[in-house]
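Presented below is the structure to which this report refers.
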Amino acid sequence: MFLALRELRFARGRFTLMGIVIALISVLVVMLSGLSSGLVNDGVSGMKSMPVTAFAFDEGTMTDNAFSRSVVDSDQLAEWQDSDGVDAAEPMGVSIVNTVTDDDTQLDLTLFGVEPEGFLSPEVSSGDSLGDVAGIIVSEPLQEEGIKLGTVVTLDRLDLELTVVGFTEGQSTFGHVDVAYLPIDTWRLIASNMAEPGAPTEEAITDLNFPYSSVVAIQAADGEELDYAAVDDAAGTTSMTRTEAFNASPGYEAETMTLTMIQVFLYVICALVVGAFFTVWTIQRSHDIAVLRAVGASSRYLLRDSLAQAAFLLIGFTVVGVAAGVGLGALMPSAMPFDLEASPIAIASLTTIVLGLLGAAVAVLRISRIDPLAALGGRR
């Protein structure tokens, strides 16, 4: 490390400039990681919180926005409920609606129709659990928009009135729209277009004959491996694991693929920039390296020393960039879907360092080809 540290002190201006570039790349990586996590949570946090193994859609449903396109019936639900390895299977209704509150605030909601006593029923941070046919549990952040317990929301065109009876624990969204959980029978009343203006009643639900839902939510028994293909064939469905079903959320796949592509380009740019810097730096000190070779320094020693120099630069300024990125992330406005999570940031930072070292390693390999005779003027 003697030579590496000596060169860092001697050419501190050039190394600092290079370090600033690495730090700026790290800032961008952190910001993109936060934006990616924020978009995921803003798009599918309602699904991420569900204790679901998989979802079954009607066979042939287009995967893009499949939750809104799919319709399954009671026979398909029963087929999954009777399948081996399935601990529980419940109907789930999904639809996005426009509403207005009793104080004339317009509000978009994603309605999740679930069994009130089932495994899909959400935990509440305040208020009551699902039960009342006219009650809904909404995403906790809606409290910041003035929604409170007892607020009445009216669905456009149907004039159906639903009352907020509870709030979820944390954010619950789908397709960047806040979720409202309601009993599956109430959702069926809405989906059937048979709802009368005003609050839904038990009598209206009892008289309803609409045995449909959007999907079947499946919970596998502990330690069981489900034969999805066999059950799909019998039930006439197409199943997806919970993670795969994220892509069925509106815009999810396009957003995540775009941000992933940008991150990949940043990693490539980091490797190229670091590699180019160390290529130029190695060329500039070729004569000095040749002198060291002439006095007995091995190629392995010089390679190790140069990579240590690159590691010092990459790790030090990546830490600076990550710290700056976290600081900027804390200043992001609440309207922006931005969420800093330790794991994605750590993975992104480690990837930046590894690819930077790879670029530096390719550049400093020319050290092993420097002839000691160059120190004596043999090739000058």
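Values in this text are rule-based calculations from the coordinates and carry no lab data. Computed from a prediction, not measured in an experiment: that's the story for all the values here. We place every Cβ from the backbone using ideal geometry, glycine too, and count neighbours over all the protein chains shown.
General observations
- Rg/Rh ratio calculated on Cα atoms of the range 237-295 (Kirkwood radius): 1.49
- Fluctuation leader among Ile345, Ile205, Ile137 - the chain, Gaussian network, Cα springs under 10 angstrom: Ile205
- Alpha carbon centroid spacing (whole Å) that separates the range 253-297 from the range 63-105: 51
- Share of Cα-Cα pairs in the range 267-332 lying beyond 17 Å, as whole percent: 56
- The range 170-216 and the range 302-330: distance between their alpha carbon centers, rounded to Å: 53
- Using all pairs of distinct alpha-carbon atoms, the Kirkwood hydrodynamic radius of the range 34-163 works out to 16.7 angstrom.
- Percentage relative contact order, the chain, counting C-alpha pairs under 8 Å, at least six apart: 28
- One compactness figure for the chain is 1.40, namely its Cα radius of gyration divided by 2.2 N^0.38 Å.
- Across the range 179-317 the C-alpha pair distances fall into 5 Å bins from zero in the proportions 2, 6, 9, 10, 8, 8, 8, 7, 5, 6, 6, 6, 5, 5, 4, 3, 2, 1, 1, 0 percent.
- At most 10 other Cβ within 10 Å, DSSP loop - chymotrypsin sites (Phe, Trp or Tyr not before Pro), the range 178-213: none
- Loop-located GluC sites (Glu not before Pro) in the range 123-157, at most 13 other Cβ atoms within 10 Å (DSSP): Glu123
- Label-to-label distance, nm, for residues given as Val362 and Asp222 (7 Å Cα→Cβ offset): 5.0
- Principal axis extents of the Cα atoms in the range 8-71, from largest to smallest and rounded to whole angstrom, are 70, 24, 17.
- Mean separation of Cα contacts under 8 Å (6+ apart) over length of the range 1-124, as relative contact order %: 14
- The Kirkwood hydrodynamic radius of the range 111-169, based on inverse pair distances between different Cα atoms, is 11.8 Å.
- The convex hull around the C-alpha trace of the range 152-198, projected and averaged over every direction, spans 3.9 square nanometres.
- Percent breakdown of C-alpha pair distances by 10 Å bin, ordered from the shortest bin, for the range 53-98: 24, 52, 22, 2
- Rounded FRET efficiency, nearest 0.05, which uses the C-beta distance separating Val268 from Leu328 and R0 of 22 Å: 0.45
- Most to least packed among 238-244, 25-31 [average Cβ atoms within 10 Å]: 25-31, 238-244
- For the range 247-380: span of alpha carbons on each principal axis (Å, largest first): 67, 28, 21
- Annotation: extensible slack from Leu307 through Leu17 equals 102.6 nm (criterion: 0.36 nm per residue apart, minus Cα-Cα distance).
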